[in-house]
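Chemist: Attaching a single structure in structure tokens format; questions to follow.
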Amino acid sequence: MKLVAVSDTHGDHQILETILTQQPDADAYFYAGDSEFAADDPIFDHYVAVRGNMDFDSAFPLTVSQTVAGVPVFMTHGHRFGVNFSLTQLLDAAAKAKARIVIFGHTHQLGVEQHDGMVVLNPGSISQPRGQFARLGGTYAVIEATDEAITVTYYLRNGQPAPDLQRRFALK
């Protein structure tokens, strides 16, 4: 199973279209908020999306729980879960949703870790990156799950894997 996770485009419509062509074989595409588009924008015919703090269309849900190829996924933007300070609220909500993969945005900083059997990741901002990896010019994440492991690989805007930004988490 293969998922693509993108967040925080802040009006950059073209990059969402470009990612679809860079990753045409994904089982699902997840968008973790702050597009600044309307919820009925045709791009969201391809991406499952949530509302970020810069999305003003209330038709976007605040969270999404969806199972893809037997793998439960929980996604939110993160601003209502205090992700700037701690992942505690996010982890609690994801655990209640029985998620295996947890996707969030908001901080504009990529990161991935494992908590209580959940792989928790922020794809970073594809258009306005911050933090240690801002120099990469924007990232998104490709998540591949097998019965043995979940692997997260970060990709650059040009569709190439980011050097040394892949993590594999063995499933228990």
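The values are calculated or read from the model by the stated rules, or taken from the named source; none is laboratory data. Note that the coordinates shown come from a computational prediction; the quantities given were computed from them, not determined experimentally. Every residue, glycine as well, gets a Cβ built from its backbone with ideal geometry; the counts of neighbours run over all protein chains shown.
Chemist: How many residues are under 25 Å from residue 71 (Cβ atoms), surrounded by fewer than 18 Cβ atoms within 10 Å (Cβ to Cβ) and among the hydroxyl-bearing types (Ser, Thr, Tyr) when one looks only at the range 1-44?
Modeler: 1
Chemist: Among the candidates 80, 100, single out the residue that is surrounded by fewer than 23 Cβ atoms within 10 Å (Cβ to Cβ), at pLDDT below 95 and basic (Lys, Arg).
Modeler: 80
Chemist: Got a number for residues in the range 48-73 being closer than 19 Å to residue 123 by Cα and touching a residue at least 40 places away in the same chain (Cβ under 8 Å)?
Modeler: Selection size over the range 48-73: 6.
Chemist: Which members of the range 114-141 meet the condition of being over 19 Å from residue 34 (Cβ atoms) and surrounded by 14 or more Cβ atoms within 10 Å (Cβ to Cβ)?
Modeler: 114, 115, 118, 119
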